[in-house]
Amino acid sequence: MRQMQFAILVAVVIIALTGVDRAQSSSRHKVLFQSTRDGHSQVYVMNADGTGQVNLTNTPSVDYHPHGSPDGSKVTFVSRRDGNNEIYVMNADGSTQLNLTKNPASDIDPTFSPDGKKIAFDSDRDGNVEIYVMDVDGTNVRRITNSPGIDSHPDWSPDGSRIVFYSNRDNNSQLYIMNADGTNVVRVTHDSSEDLFPSWSPDGKQIVFQSNRDGNPEIYVTNVDGSRQRRLTANTVDDIAPWWSPDGLFIAFRSDRDGNGEIYRMKADGSEQVRLTTHPAADANARWLPVRGK
Ligand SMILES: [Ca+2]
Ligand SMILES: [Ca+2]
Ligand SMILES: [Ca+2]
């Protein structure tokens, strides 16, 4: 009898542990991405295990660069439907798509601030690529970088006080951090490679980015002060454009390791790299769409 009780206890523990493992191997948050699978670039969303892939924009225009609002209710993205690159916002189900920029320049790379009230983006409206911040209704636009180089791809610190970006102002593209008003610019990486596409960790301590320092584009992580830089991927093809999940557990990115651009997900330490898309078209620019509650 005691032996049977022990066997049942062991079985219960195994089932419980397996359940925990399964819960940690995915995420309740969703993944936004862009794909040309419907003939031209559109914005899609899927579950964090790759199921349930849905075209959100459904337009004849080119739509790309999606980013989800912190409460998961909105998606900002870029569209060319009005003749040039503009920042748009829509509801997370794809309804009510609105042009926020309405500027003849190229306006790209939008990211919501952590309080959901502002959107950072980059634009060449003043002659070269600079980073701008606007309110979520498109008003109150202000430029926050001013260098003759390319200043691009802003992402906010979790407390909203700072913005990480890449710039080639000092020759090659490197990571920089500034206050959210553009003051106090600090260089984070100091190498001769191209360091691109930074995304801030939800705990505020690290930044994930892409670099070709080891010969081809791979995903790296650094502490915010530039210390402890380490590589998470190791393939001879492109591993690019990483984005940290809202729960801090995962990093989504694009890899060409299976012959064409696909969205992958790995744990934040680089382990358990899993492919989420399986389509011959180009799938790129994964960003997480937070799912609140539950
Ligand atoms: Ca524009
Ligand atoms: Ca610039
Ligand atoms: Ca693909």
Neighbour-count ranking for 272, 262 (other C-beta within 10 angstrom, fewest to most) reads 272, 262
Net charge near residue 251: determine it from the other residues with C-beta under 10 Å of the C-beta of residue 251, scoring Lys and Arg +1 and Asp and Glu -1. +1
For residue 205, which aspartates and glutamates qualify as cross-link partners when the Cα separation must be under 17 Å and same-chain residues fewer than eight apart are set aside? 155, 159, 225, 247, 269
Quick one: net charge around residue 124, please, counting Lys, Arg +1 and Asp, Glu -1 for every other residue with C-beta under 9 Å from its C-beta. -3
Quick one: net charge around residue 105, please, counting Lys, Arg +1 and Asp, Glu -1 for every other residue with C-beta under 9 Å from its C-beta. -2
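Could you work out the Rg to Rh ratio of the range 92-149, with Rh taken as the Kirkwood radius (inverse of the mean 1/r over all Cα pairs)? Mind showing how you got there, number by number?
Values: Rg = 11.9 Å, Rh = 12.1 Å.
Computed over Cα atoms, the ratio is 0.98.
Based on the Kirkwood radius over alpha-carbon pairs, what is the Stokes-Einstein translational diffusion coefficient of the range 104-240 at 10 °C with 1.306 mPa s viscosity, in µm²/s? Kindly include the intermediate steps, with their values, before the conclusion.
Numbers: Rh = 15.1 Å.
Roughly 105 µm²/s, to the nearest whole number.
Holding the Cα-Cα limit at 24 Å, pick out from 74/267; 74/118; 30/74; 30/117 the pairs that are longer than that.
On the way: 74/267 26 Å; 74/118 12 Å; 30/74 13 Å; 30/117 21 Å.
Distance filter (> 24 Å) returns 74/267.
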For the range 157-178 and the range 196-212, write down the distance between their C-alpha centroids in whole Å. 10 Å
Using DSSP to define loop residues, name the trypsin sites (Lys or Arg not before Pro) in the range 52-127 whose beta-carbon has at most 11 other beta-carbon atoms within 10 Å. 102
So the pair-distance distribution of the chain, from every Cα-Cα distance in 10 Å bins, comes to percents of 7, 28, 35, 20, 5, 3, 2, 0, 0
For the range 35-112, what does the alpha-carbon gyration tensor say about shape, rounded, prolate or oblate, given a ≥ b ≥ c as the root eigenvalues, a/c under 1.5 as rounded, and a/b over b/c as prolate? oblate
Given R₀ = 25 Å, what would the calculated FRET efficiency be for residue 140 paired with residue 81, taking r from the Cβ atoms and rounding to 0.05? 0.55
Based on other C-beta atoms within 10 Å, arrange 254, 228 from fewest to most. 228, 254
Quick one: helix 2-24 against the long Cα principal axis of the chain, what's the angle to the nearest 10°, folded into 0 to 90? 10 degrees
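Fully extended, how many nm does the chain gain between residue 115 and residue 28 (0.36 nm per residue separation, minus their Cα-Cα distance)? Walk me through the numbers on the way to the answer.
Details: separation 87, 0.36 × 87 = 31.32 nm, distance 2.07 nm.
Gain on extension, residue 115 to residue 28, equals 29.3 nm.
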How much length, in nm to one decimal, is gained on full extension between residue 96 and residue 212, taken as 0.36 nm per residue of separation minus their Cα-Cα distance? 37.8 nm
Given a Förster distance of 30 Å, report the FRET efficiency between residue 234 and residue 190 from their Cβ-Cβ distance, rounded to the nearest 0.05. 0.85
Could you list which residues have their amide H under 5 Å from that of residue 85, counting only those 5 or more apart in sequence or on another chain, with H placed in the peptide plane? 107
Convex hull projection area averaged over all views, the range 180-244, Cα basis, nm²: 4.7 nm²
Note, ³J(HN,Hα) from phi for the range 250-256, Karplus 6.51, -1.76, 1.60, rounded to Hz, x at Gly and Pro: 10, 10, 9, 7, 9, 9, 9
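FYI, it's all coordinate maths here, none of it is from the lab. Treat the numbers as computed from the prediction; the structure is a model and nothing was measured. For neighbour counting, all protein chains shown are included, and Cβ atoms are generated from backbone atoms with ideal geometry for every residue, glycine included.
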